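The values are calculated or read from the model by the stated rules, or taken from the named source; none is laboratory data. Quick caveat: nothing in here was measured; it's all calculated off a predicted structure. As a convention, Cβ positions derive from the backbone with ideal geometry for all residues, glycine included, and neighbour counts pool all protein chains shown. Surface accessibility is based on the protein's heavy atoms, side chains included, excluding ligands, DNA and RNA. Shrake-Rupley method; radii C 1.70, N 1.55, O 1.52, S 1.80 Å.
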Number of protein chains: 2
Amino acid sequence: MTAQQERAILTREKVIAGAAEVFYRQGFGGATLSDITAAAGVTKGALYFHFPSKDDVALAIIEAEHRIATAAAARILESTAGPLESMLRLCADLAERLTTDPIVRAGIRLTTETSSFDRSLTRPYEDWLATFEALARAATATGELRAGTDAAKLAHFIIPAFTGVQVVSDVFTERADLRQRVREMWEILLPALVPPGDESSSQRMLEAAFSPR
Amino acid sequence: MTAQQERAILTREKVIAGAAEVFYRQGFGGATLSDITAAAGVTKGALYFHFPSKDDVALAIIEAEHRIATAAAARILESTAGPLESMLRLCADLAERLTTDPIVRAGIRLTTETSSFDRSLTRPYEDWLATFEALARAATATGELRAGTDAAKLAHFIIPAFTGVQVVSDVFTERADLRQRVREMWEILLPALVPPGDESSSQRMLEAAFSPR
């Protein structure tokens, strides 16, 4: 790689980092390109070289967030015991990233501000829905979820529910209580989902997924 | 009332109706005052007379939405049998309004676009949380919900879950499937919430709240 290419990559990363801060604080509509260049410490020319419009910067952040979350999900799916515990761990992990990772929290805010873009932002939801539907199906096959569980319907409730929990946690506490609220979501849901008599197993999974790091 | 006062009230209503359409379609950040005057069919001068800034128009819509939803909630709370059924009916009613009432759907979109305003928009959530916590407490007292139900925790999951269900329904179907998705939310939740053996009662409540109008 030439020195010039290295500088270009570095500049692009600076823009994304600066823009993530601005979008997270001010939302898409409230962010100007001047705010972004100021936060990123780059010139307007450098910004335009990488991103012709504010839409392009925002979409790059959503893509970066999705890559980070997908990689983290892959690690969890490889490493945990059963599919139901994976569902809990994925939620706990995303809750953690939503409070600590600047790219992730900006990306999710941009995703839930649906009306900011002309393009419809269904892709991130579709990936999560597909992952959770597959996990719910597997968990029903292994008997971790009740026989007869409708995996598609369940996934299509858990992903929106998580979405709302983080929106409301953001409004009230800037996500300081997010991890606890996501744990409470699972505490309420699990008794409806696991076979009768599996309470101790549910408790163990909750502790494993949500115990303080 | 003088003719002049009547005209002023009419103009204010026209601005709110026009702005509701614009905010719902374009979001807060994407809406300009020119868009609003064009949609409302009023002059810029008339707009500024009632609302000094875009923030003020948006907050007026959120207030109008909250008044509509609160009045509807009061009617439901007066007319239905038990507190658990009231919780289902309130959700079904708001789902219906979110698909059909221009002020309500614009108000909720503005509320969930949390970063659009400097002011924190916790009030609408607080009112819903308080209503649902009171209903959950009453439903536990009457035995409709299981003994030992944590009313505050339950309310603090249902309201965010509903919020997320409408956000995701909006992304995928512009809320065409919202009523069905909210029904599915309750189908998943009720088995965890009602005492064992109350399945037929749950089914009756679901039909009463969500049957097609």
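The single condition among (1) small (Gly, Ala, Ser); (2) free of Cβ contacts under 8 Å to residues at least 40 places away in the same chain; (3) more than 14 Å from chain A (Cβ to nearest Cβ) that B:Ala31 does not satisfy is (3).
Return yes or no: is B:Arg183 touching a helix residue (DSSP H, G or I) at 6+ places or on another chain (Cβ under 6 Å), in a helix (DSSP H, G or I) and more than 12 Å from every other protein chain (Cβ to nearest Cβ)? The answer is no for B:Arg183. Among the residues of the stretch B:103-112, is any away from chain A (no Cβ under 14 Å), of a type in the set (A, V, I, L, M) and surrounded by fewer than 18 Cβ atoms within 10 Å (Cβ to Cβ)? Scanning the stretch B:103-112, I find no residue that is away from chain A (no Cβ under 14 Å), of a type in the set (A, V, I, L, M) and surrounded by fewer than 18 Cβ atoms within 10 Å (Cβ to Cβ), so the answer is no. Just one of (1) at negative phi; (2) more than 8 Å from every other protein chain (Cβ to nearest Cβ); (3) in contact (Cβ under 8 Å) with a residue 60 or more places away in the chain fails for B:Arg137. It is (3). Taking the criterion of being touching a residue at least 24 places away in the same chain (Cβ under 8 Å) and not in a helix (DSSP H, G or I), would at least one residue in the stretch B:147-157 satisfy it? Yes. The number of residues in the stretch B:34-62 that are touching a residue at least 24 places away in the same chain (Cβ under 8 Å) and not aromatic (Phe, Trp, Tyr) comes to 14. Of everything listed in (1) facing chain A (nearest Cβ under 10 Å); (2) open to solvent by 10 Å² or more (accessible area, probe 1.4 Å), the single unmet condition for B:Gly148 is (1). Within the stretch A:69-87, does at least one residue satisfy the condition of being at pLDDT 90 or above, more than 30 Å from B:Ala20 (Cα to Cα) and within 14 Å of chain B (Cβ to nearest Cβ)? Yes, there is a match, as at least one residue in the stretch A:69-87 is at pLDDT 90 or above, more than 30 Å from B:Ala20 (Cα to Cα) and within 14 Å of chain B (Cβ to nearest Cβ). For the stretch A:193-203, the count of residues that are within 20 Å of the chain's Cα centre (by Cα), modelled with pLDDT of 90 or more, more than 7 Å from every other protein chain (Cβ to nearest Cβ) and crowded, with 16+ Cβ neighbours inside 10 Å is zero. From the list B:Ala31, B:Ala3, B:Ala19, the one residue that fits, being surrounded by fewer than 14 Cβ atoms within 10 Å (Cβ to Cβ) and of a type in the set (A, V, I, L, M, F, W, C), is B:Ala3.
Among the candidates A:Asp118, A:Asp127, the residue that is under 12 Å from the mean Cα position of the chain (by Cα), of a type in the set (D, E, K, R), modelled with pLDDT under 95 and surrounded by fewer than 23 Cβ atoms within 10 Å (Cβ to Cβ) is uniquely A:Asp127. The residues listed here are B:Phe132, B:Phe162, B:Phe172; of these, the one that is more than 10 Å from chain A (Cβ to nearest Cβ) and on the phi < 0 side of the Ramachandran plot is B:Phe132. Checked against the criterion of being open to solvent by less than 10 Å² (accessible area, probe 1.4 Å) and assigned to a helix (DSSP H, G or I), the candidates B:Leu77, B:Leu59, B:Leu84, B:Leu94 yield just one match: B:Leu84. For the stretch B:160-174, the criterion of being under 16 Å from the mean Cα position of the chain (by Cα) and surrounded by fewer than 19 Cβ atoms within 10 Å (Cβ to Cβ) is met by at least one residue.
Within the stretch B:70-88, can you find the residues that are in contact (Cβ under 8 Å) with a residue 40 or more places away in the chain and farther than 28 Å from B:Pro191 by Cβ? Result: B:Thr70, single match.
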